[in-house]
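S.K.: There's a structure below that I have some questions on.
The values are calculated or read from the model by the stated rules, or taken from the named source; none is laboratory data. A quick note: this is a predicted structure, and the numbers were derived from the prediction, not measured. Don't worry about glycine lacking a Cβ; one is built from the backbone with ideal geometry, like all the others, and counts go over all protein chains shown.
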Amino acid sequence: MGRTLTLTAADGHSLGAYRADASGGAARGGLVVLQEIFGVNLHLREVCDSFAADGFTCIAPALYDRSSQRNCELGYEASDMATGRKLREEFSWDDTVKDVAAAVAVLAGEGLEVGTVGYCWGGTISFLAGTRLDVRAAVVYYGGQIIPCKDEKARCPMLMHFGEHDAGIPLSDVEQIRAAHPEAAVHVYDAGHGFNCDRRGSYDEAAARLARRRTLDFFNAHLG
């Protein structure tokens, strides 16, 4: 359904991306879809395709193209997780935001109102997009590294999804985030980390369906 393209960040860095155009006519808006630590793999491309089927044009920037492994796609074994954690440390949050901005610029240049949605590592990046970039809405799925930057001021409406049983994000962290952003819609589900990914053992269909419905309602309200 989608295709690949090349983006250029403000510092001249060139990176790949996956694009899925909205089906059924004019797009409701544009979404920058932000990866877990597993890269722009098959699951993330399917997420883009799914949002495209709901009327949004999506771009998923290949954020690992700043690392030693361009075009990186990982699975979900322990070794893949170790590789992903290593790669994300090879460049800065600021550089990552530049790459997100390049994707935002493409969609905005087509006259679309743009939102971001990110998962795990990408959830934190989506939070940073909502505090640092010109986007209209930001959705965070279990962003585990928000606490150090939680006091950054939101520049757009935010929606956040967390799992009650997430071993990496204690509920005390969720409450700190909620307190720092009382204007945000923060939901906690009877699920663990990664509950949206149907290729992981932590997938929870009920939580994933509810979070997606809330996400679509949120984007329909704030984009277009």
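S.K.: Taking the stretch 74-95 as the region of interest, how many residues are touching a residue at least 24 places away in the same chain (Cβ under 8 Å) and over 20 Å from M160 (Cα atoms)?
M.R.: Matching residues across the stretch 74-95 total 12.
S.K.: Oh, and also: When both residues are 6+ apart or on different chains and their Cβ atoms are under 7 Å apart, which pairs have a first residue that lies in the stretch 147-174 and is under 19 Å from T131 (Cα atoms), and a second that is part of a helix (DSSP H, G or I) and of a type in the set (D, E, K, R)?
M.R.: The qualifying pairs are I147/D173; L159/R214.
S.K.: State all residues of the stretch 120-134 that are farther than 16 Å from L63 by Cβ and surrounded by 24 or more Cβ atoms within 10 Å (Cβ to Cβ); if no residue qualifies, say none.
M.R.: Selection gives G130 alone.
S.K.: What pairs can you find where one residue is in the stretch 1-15 and farther than 15 Å from D94 by Cβ, the other is outside any strand (DSSP E or B) and among the polar types (S, T, N, Q), and their Cβ atoms are less than 9 Å apart, with a gap of 6+ or different chains?
M.R.: So the pair list comes out as M1/S23.
S.K.: OK, next. Can you name every residue in the stretch 200-224 that is farther than 18 Å from S126 by Cα and either at pLDDT below 95 or of a type in the set (S, T, Y) (or both)?
M.R.: Matches in the stretch 200-224: R200, G201, S202, Y203, G224.
S.K.: So V117 clears everything in (1) crowded, with 20+ Cβ neighbours inside 10 Å; (2) in a helix (DSSP H, G or I) except one condition, right? Which one?
M.R.: Only one criterion is unmet by V117, namely (2).
S.K.: Quick check on the stretch 1-43: of everything there that is among the charged types (D, E, K, R) and part of a loop (DSSP other than H, G, I, E, B), which residue is surrounded by the fewest Cβ atoms within 10 Å (Cβ to Cβ)? Explain how you work it out, then say what you get.
M.R.: Step one: list which residues in the stretch 1-43 are among the charged types (D, E, K, R), which gives 3, 11, 19, 21, 28, 36.
If we keep only those that are part of a loop (DSSP other than H, G, I, E, B) as well, we get 11, 21, 28, 36.
Numbers: D11: 10, D21: 14, R28: 20, E36: 26.
That would be D11.
S.K.: Exactly one condition in (1) under 16 Å from the mean Cα position of the chain (by Cα); (2) outside any loop (DSSP other than H, G, I, E, B); (3) over 18 Å from M1 (Cα atoms) is false for L87; which is it?
M.R.: Checking L87 against (1) under 16 Å from the mean Cα position of the chain (by Cα); (2) outside any loop (DSSP other than H, G, I, E, B); (3) over 18 Å from M1 (Cα atoms), the one that fails is (1).
S.K.: Restricting to the stretch 1-18, what's the tally of residues that are in contact with a helix residue (DSSP H, G or I) (Cβ under 9 Å, 6 or more places away or on another chain) and closer than 18 Å to K98 by Cα?
M.R.: The total comes to 12.
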